[in-house]
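The values are calculated or read from the model by the stated rules, or taken from the named source; none is laboratory data. Since we're looking at a predicted model, the values are computed, not measured. Ideal geometry is used to build each Cβ from the backbone, glycine not excepted, and the neighbour counts take in all protein chains shown. Quick note on the areas: whole protein, heavy atoms, side chains included, nothing else; ligands and nucleic acids left out. Shrake-Rupley method; radii C 1.70, N 1.55, O 1.52, S 1.80 Å.
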Amino acid sequence: MSGDVAPVLELDEVSAAYGPYRALFEVSFSVESGGAVALLGPNGAGKSTVARVASGLVPVTSGRVRVDGRDMTGEPAWRIARAGLAHVPEGRGVFDSISVEENLVLSFRRRAGRRMVPASLERAYASFPVLGERRHDRAGTLSGGQQRLLSLAKVLVVPPKLLIADELSLGLAPSVIDDVYAGLAEVRRSGTALVVVEQQVDRALALASSAVVLERGSVAYCGPASGARSVVERVLERRSRTHDAGKDAGPADRTTPAKAVSPRRA
Amino acid sequence: MEQLLGFAVPGIPYGCAYAVFAVGLVLTYQTTGVFNFGYGAQAYASAFVFAWLVDGHGWSTWAAFVGSVVILGPGLGLVFDRFLFSRIASTNTTAKVVTGLALLVGIPALLPVVFSNENLVGVPSILFAPGTVYFHLGPDVPVNGIYLSAVLLAVAMLVILVLLLRTTSLGLEMRAAVESRRLLELEGVAAVRVTATAWAVSGLMAGLAGVLLAPTEVTVQAQDYVTLMVAAIAAAACAAMGSMTVAAVVGVLIGVVSLTAQGYLPTSSFWYSAVLPAFPFIVLVGALLFVPRLRRLEQVQDPLSTVDPPPPLPTARVRGREIDRLVHTAFWLLVVVFVGSMLTWMPTSWETVLNQGMAYSVIFLSVTLITGTAGQLSLAQATLAGVAAFSAGQLARHFGLDFLAGGVLGSLAASGVAGLLALASLRLRGLGLALMTLAAALLFDVAIFPAQAVSGGTGGIQLTARWLPLDLLAPNGHAYFLLVFLVLVVCAGAVALVQRGTVGRFLAAMRGSELGAAGVGVNIAWQRVLAFVLSGALAGAGGTLLAIQQTVIAPGEFNYQLSLAFVVIVVTTGVGTVEGAIQAGVGLVVVEQLLQYAPQRLQGLAFVLFALGALTYAAHPEGIVELEKRRWTERAERLLARRHGASATAAVTGRS
Ligand SMILES: Nc1ncnc2c1ncn2[C@@H]1O[C@H](COP(=O)(O)OP(=O)(O)OP(=O)(O)O)[C@@H](O)[C@H]1O
Ligand SMILES: [Mg+2]
């Protein structure tokens, strides 16, 4: 790893499993401070699992996870969050049963301090007026896009060291995706490092400086963003071929590591 | 006006205790996601220990208060959280309800064993002296220390809790933790601690409510805490488990209205004897029927539940052919030996015990069907058994109908009641259904079974030989044994057939996911009613048999506590299989009989044992006996495999 500054996130030969189902096989990559990494791969490649391992939601079975130079392997999720890592999970990432404002307050109190809450709320509503209009509604009544904006508002106002955003664009209309990506770009300008998990390869690569491509739980590519597109296409093609041959799928298949591509280290 | 006040004021301490309790229930539900049936037992425990310390050990009131409320209350809450509820997945309503019930059944039975058996009388009140009249609301309306303490403590607690929940970060985090602990952790909050705090606070409230109520009664009795529990559940249901203020107000109203009505109604009227005691249940049923939000309870889903690995597949028990043959042979041998022994050398006392166990087994089969197969929590199975028994008794008494024929008709009646119950609660599920059936059970207990026309008063109906053919009542004949054995075999076979047939598959699909089952075209409403009707018939058959065995049909034999205990017991041994029900029935009576030989103090321990067993339900939903059976089969298989060499290793598939 280069320089004197430790990377904000470093995965070192990380393997992970859901009970008996193995999902990651010795995945290694790192995110430099202030950098932006696109995490790409077909469905089921293990992108969300990487995100969950990094934030402590899924325990690793072997390997190390370092956040900001500190070894965080096996630490509970809340410790990792306090170390400065924010994870916006796939799908719904807000508390449905409390109000929009309470969602924000919950987050700001912990990360900005009690006294900063009113000012932070004001900034959030200034950036996302729609949240201000709905502040007293239960967050569950927001639309999918508005919920993503709510998640973004939390990190935008109090920037963490690293933001892992898992498929923020999923199920959104193109114009809303534009809003969300504008938000992400702003988060990045504030100095936060980014890991962007995406199906929309172009959007992610436009934002990121480097990319990691996963294939069946292993790293198929790790390097500058410019070189990722061809790998992604290759991986997708290979996948559709195995699908046609009917060899893929089935949990038994998942338990064997993919040998096709040897992971490269950063 | 004067008179109204005179009647209403004595209702205030009750109302306040109900209110505190209801608020505690709502608080626990909102901050932990658990509807804690064990709450009443927690309150009772604190009151019991409080009385025990003051009465039996001469502690000062305040020291005892600290020991029983400030320390024991939150302590119990923390223990429940740490060892029980934190291990149950938030979506598993059945496990949460069963665990709560186990506490409700187990703790009151355990306390006299741990502490002492004697009655605890003259419990002091905290804050103000109970006997002293502080002021008058009117010439004839004195206000003594009990009222003052109750009102002050209740109001103070309500204010503190509303402030805690609505204005502090801890309150906000507690509400968020109910929805998703993981999402909360992602915010940098240690969710485990938040939930533990919530349990400690709710435990403190339970203790306080218990000690608050203690001085209003002469002795500290578990029974009072059940009334308390029901009134509080009703108040909490009216508030849709949401608003603590509404819960508190309804709680106070239930207490005050009950006592006011008690003052006005003539003591000999039907209203006084039947409707009044049932008042909290009527409120509860009304809330369950008409508060729409209660239908959507338990629907909040953790968005991060996809992080959990899928539950392990039910290990398909492919027993090796060799073991299968062995088990079958052993089973038939056991049956033959059992029947042979019962007919020949078995002492009459043990024959009676085992007969009773078989009668229980028939009732337990109804639990297997409704809960194990259909996945519906019914807390009224003992009531259904009672409906059949009382019907048969009345038919025999008034029309001279043969008791067995009456039993068949009675079982039909029980089916009908069960069907009606299912129809009334079509829109409820999970917790709502459990509460509805519990309310029905209590309604029968308080208002219907004790009625002169049903049971002939508390003494019950005495069976006479005239009603029964074949000398079934003769203590040392074997007629009863043959009858109960036959019915058990038929019922067990019927349940096994249902489980394996089309209906069983539909019911299993419904147990897995009602939405999913409805999606593939299963008529949920009809399947539910069917399951209830069938289980009503089984419970009725068992109830009739039990009545013959006891030779008297008393209301106490079929009360709601038994219904709760039934669920707890069956779940302990194994709720999924026919064998589980039979093991539960026989196990219950054998344990009780064996305890007869133990010191007096340990007599109540049978329920405690089963309650302890039920606490393992969350970890092993198949039941202890079934679990052990599987383990032993696996062990045997491994042994065989080793003996046969490597070729047979493929047979061992289960993980443990
Ligand atoms: N809760 C779970 N239990 C068992 N296996 C799981 C679980 N979650 C994911 N998996 C498996 O782990 C592998 C990686 O899943 P993951 O969700 O990380 O993929 P992904 O790249 O995020 O896919 P997608 O693009 O569809 O979101 C998949 O094979 C998946 O089946
Ligand atoms: Mg994903």
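Say we look at segment A:195-207 and pick out the residues that are aliphatic (A, V, I, L, M) and under 22 Å from A:S175 (Cβ atoms); which of these is nearest to ligand 1 (Cβ to nearest atom)? Before you say what the answer is, go through the steps one by one.
Going residue by residue through segment A:195-207, those that are aliphatic (A, V, I, L, M) are A:195-197, A:201, A:204-207.
When the remaining residues are screened for being under 22 Å from A:S175 (Cβ atoms), the result is A:196-197, A:201, A:204-207.
Numbers: A:V196: 13, A:V197: 7, A:V201: 12, A:A204: 12, A:L205: 16, A:A206: 19, A:L207: 18 Å.
Applying the filter and picking the extreme gives A:V197.
Going by the structure shown, is B:R293 modelled with pLDDT of 75 or more, surrounded by fewer than 18 Cβ atoms within 10 Å (Cβ to Cβ) and more than 16 Å from ligand 2 (Cβ to nearest atom)? Don't jump to the end; show me each part of the working.
Details: modelled with pLDDT of 75 or more: yes; surrounded by fewer than 18 Cβ atoms within 10 Å (Cβ to Cβ): yes; more than 16 Å from ligand 2 (Cβ to nearest atom): yes.
It is true that B:R293 is modelled with pLDDT of 75 or more, surrounded by fewer than 18 Cβ atoms within 10 Å (Cβ to Cβ) and more than 16 Å from ligand 2 (Cβ to nearest atom).
Is it the case that some residue within segment B:210-222 is more than 7 Å from chain A (Cβ to nearest Cβ), part of a helix (DSSP H, G or I), over 20 Å from B:L259 (Cα atoms) and modelled with pLDDT under 80? Steps first, answer last, please.
Restricting attention to segment B:210-222, the residues satisfying the condition of being more than 7 Å from chain A (Cβ to nearest Cβ) are B:210-222.
Right, trim to part of a helix (DSSP H, G or I) and you get B:210-216, B:222.
The next check asks that each one be over 20 Å from B:L259 (Cα atoms); those that pass are B:211, B:222.
Still in the running and modelled with pLDDT under 80: B:222.
Yes: one or more hits.
So, restricting to helices (runs of 4 or more DSSP H) that lie completely within segment B:506-610, which ones have at least 3 residues that are under 29 Å from B:V114 (Cβ atoms)? Working first, answer last.
Values: elements: B:514-519, B:524-550, B:560-573, B:578-596.
In segment B:506-610, the matching helices (runs of 4 or more DSSP H) lie at B:560-573, B:578-596.
Evaluate segment B:180-192: report whether one residue or more is under 25 Å from B:A64 (Cα atoms) and crowded, with 17+ Cβ neighbours inside 10 Å.
no
Could you list, in sequence order, the residues of segment A:94-119 that are over 18 Å from B:Q30 (Cα atoms), facing chain B (nearest Cβ under 10 Å) and among the charged types (D, E, K, R)?
Matches in segment A:94-119: A:R109, A:R110, A:R111, A:R114.
Within the group A:R216, A:R229, which residue is open to solvent by 20 Å² or more (accessible area, probe 1.4 Å), over 23 Å from A:V8 (Cα atoms) and within 16 Å of ligand 1 (Cβ to nearest atom)?
Details: A:R229 fails: within 16 Å of ligand 1 (Cβ to nearest atom).
Going through A:R216, A:R229 in turn, the sole match is A:R216.
Suppose we filter A:S169, A:S151 for residues that are away from ligand 1 (no atom under 16 Å from the Cβ) and hydroxyl-bearing (S, T, Y); which single one remains?
Values: A:S169 fails: away from ligand 1 (no atom under 16 Å from the Cβ).
Only one candidate passes the filter, namely A:S151.
Matching residues to (1) under 29 Å from the mean Cα position of the chain (by Cα); (2) part of a helix (DSSP H, G or I); (3) at pLDDT below 80:
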site	(1), (2), (3)
B:L104	yes, yes, no
B:A129	no, no, yes
B:V143	no, no, yes
B:S149	no, yes, yes
B:A156	no, yes, no
B:G188	no, no, no
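How many of the residues in segment A:60-82 are assigned to a loop (DSSP other than H, G, I, E, B) and more than 9 Å from every other protein chain (Cβ to nearest Cβ)? It would help to see each step written out before you state the result.
If we filter segment A:60-82 for residues that are assigned to a loop (DSSP other than H, G, I, E, B), which is where we start, we get A:68-69, A:72-76.
After this cut, where a residue has to be more than 9 Å from every other protein chain (Cβ to nearest Cβ) as well, the list is A:68-69, A:72-75.
Adding up the residues that qualify gives 6.
Taking the conditions exactly as written (outside any helix (DSSP H, G or I) and either modelled with pLDDT under 85 or under 20 Å from B:M229 (Cβ atoms) (or both)), does B:P112 satisfy them or not? Outline the logic, then answer.
On the way: outside any helix (DSSP H, G or I): no; either modelled with pLDDT under 85 or under 20 Å from B:M229 (Cβ atoms) (or both): yes.
The answer is no for B:P112.
Pull out all pairs, ordered by first then second residue, where Cβ-Cβ is under 6 Å, the residues are six or more apart or on different chains, the first lies in segment A:124-151 and is within 18 Å of A:S97 (Cα to Cα), and the second is open to solvent by 60 Å² or more (accessible area, probe 1.4 Å) and not aromatic (F, W, Y).
So the pair list comes out as A:G144/A:G171.
Which helices (runs of 4 or more DSSP H) sit wholly inside segment B:32-90 and have at least 3 residues that are crowded, with 23+ Cβ neighbours inside 10 Å?
Numbers: elements: B:39-51, B:61-65, B:72-83.
Qualifying helices (runs of 4 or more DSSP H): B:39-51, B:72-83.
Looking at segment A:11-24, which of its residues are away from ligand 1 (no atom under 11 Å from the Cβ) and either within 14 Å of chain B (Cβ to nearest Cβ) or open to solvent by less than 30 Å² (accessible area, probe 1.4 Å) (or both)? Quick ask: steps written out before the conclusion?
First, the residues of segment A:11-24 that are away from ligand 1 (no atom under 11 Å from the Cβ): A:11-15.
Those that are away from ligand 1 (no atom under 11 Å from the Cβ) and either within 14 Å of chain B (Cβ to nearest Cβ) or open to solvent by less than 30 Å² (accessible area, probe 1.4 Å) (or both): A:L11, A:V14, A:S15.
In the set A:S55, A:S30, which member is more than 8 Å from ligand 1 (Cβ to nearest atom), open to solvent by 10 Å² or more (accessible area, probe 1.4 Å), of a type in the set (S, T, Y) and at pLDDT 90 or above? Outline the logic, then answer.
Numbers: A:S55 fails: open to solvent by 10 Å² or more (accessible area, probe 1.4 Å).
Unique residue meeting the criteria: A:S30.
Is at least one residue of segment A:95-105 within 16 Å of ligand 2 (Cβ to nearest atom) and open to solvent by less than 40 Å² (accessible area, probe 1.4 Å)?
So in segment A:95-105, the residues within 16 Å of ligand 2 (Cβ to nearest atom) come out as none.
No, segment A:95-105 contains no residue that is within 16 Å of ligand 2 (Cβ to nearest atom) and open to solvent by less than 40 Å² (accessible area, probe 1.4 Å).
Could you run through segment B:193-211 and say how many residues are among the small types (G, A, S), open to solvent by 10 Å² or more (accessible area, probe 1.4 Å) and within 24 Å of the chain's Cα centre (by Cα)? Steps first, please.
Quick first cut of segment B:193-211, residues among the small types (G, A, S) only: B:196, B:198, B:200, B:202-203, B:206-207, B:209-210.
Right, trim to open to solvent by 10 Å² or more (accessible area, probe 1.4 Å) and you get B:196, B:200.
So of that shortlist, the ones also within 24 Å of the chain's Cα centre (by Cα) come out as B:200.
Total satisfying the criteria: 1.
Which residues, counting only those in segment A:33-52, are within 11 Å of chain B (Cβ to nearest Cβ), open to solvent by 10 Å² or more (accessible area, probe 1.4 Å) and more than 7 Å from ligand 1 (Cβ to nearest atom)?
A:R52
What are the residues in segment A:201-241 that are in a loop (DSSP other than H, G, I, E, B) and within 16 Å of ligand 2 (Cβ to nearest atom), if any? Give the steps one after another, and end with the answer.
If we filter segment A:201-241 for residues that are in a loop (DSSP other than H, G, I, E, B), which is where we start, we get A:208-209, A:216-217.
Once the filter is applied, which keeps residues that are in a loop (DSSP other than H, G, I, E, B) and within 16 Å of ligand 2 (Cβ to nearest atom), segment A:201-241 yields A:R216, A:G217.
Among B:A424, B:A418, B:A382, which is the only one that is surrounded by fewer than 22 Cβ atoms within 10 Å (Cβ to Cβ) and in contact (Cβ under 8 Å) with a residue 60 or more places away in the chain?
Values: B:A418 fails: surrounded by fewer than 22 Cβ atoms within 10 Å (Cβ to Cβ); B:A382 fails: surrounded by fewer than 22 Cβ atoms within 10 Å (Cβ to Cβ).
After ruling out the rest, the residue left standing is B:A424.
Kindly evaluate B:G171 against the criterion of being under 22 Å from A:D96 (Cβ atoms), facing chain A (nearest Cβ under 7 Å) and at pLDDT 85 or above.
Working: under 22 Å from A:D96 (Cβ atoms): yes; facing chain A (nearest Cβ under 7 Å): no; at pLDDT 85 or above: yes.
Judged against the criteria, B:G171 is not a match.
Return yes or no: is A:E167 within 16 Å of ligand 2 (Cβ to nearest atom) and of a type outside the set (G, A, S)? Before you say what the answer is, go through the steps one by one.
On the way: within 16 Å of ligand 2 (Cβ to nearest atom): yes; of a type outside the set (G, A, S): yes.
Spelling it out, A:E167 is indeed within 16 Å of ligand 2 (Cβ to nearest atom) and of a type outside the set (G, A, S).
Out of all the residues in segment A:19-59, which are more than 11 Å from ligand 2 (Cβ to nearest atom) and in a loop (DSSP other than H, G, I, E, B)?
Listed by number, the residues that qualify are A:G19, A:P20, A:E32, A:S33, A:G34, A:G35, A:G56, A:L57, A:V58, A:P59.
Of the conditions (1) away from ligand 2 (no atom under 16 Å from the Cβ); (2) open to solvent by 40 Å² or more (accessible area, probe 1.4 Å); (3) in contact with a Leu (Cβ under 9 Å, 6 or more places away or on another chain); (4) not hydroxyl-bearing (S, T, Y), A:G84 satisfies every one except a single condition; which number is it?
A:G84 satisfies all of (1) away from ligand 2 (no atom under 16 Å from the Cβ); (2) open to solvent by 40 Å² or more (accessible area, probe 1.4 Å); (3) in contact with a Leu (Cβ under 9 Å, 6 or more places away or on another chain); (4) not hydroxyl-bearing (S, T, Y) except (2).
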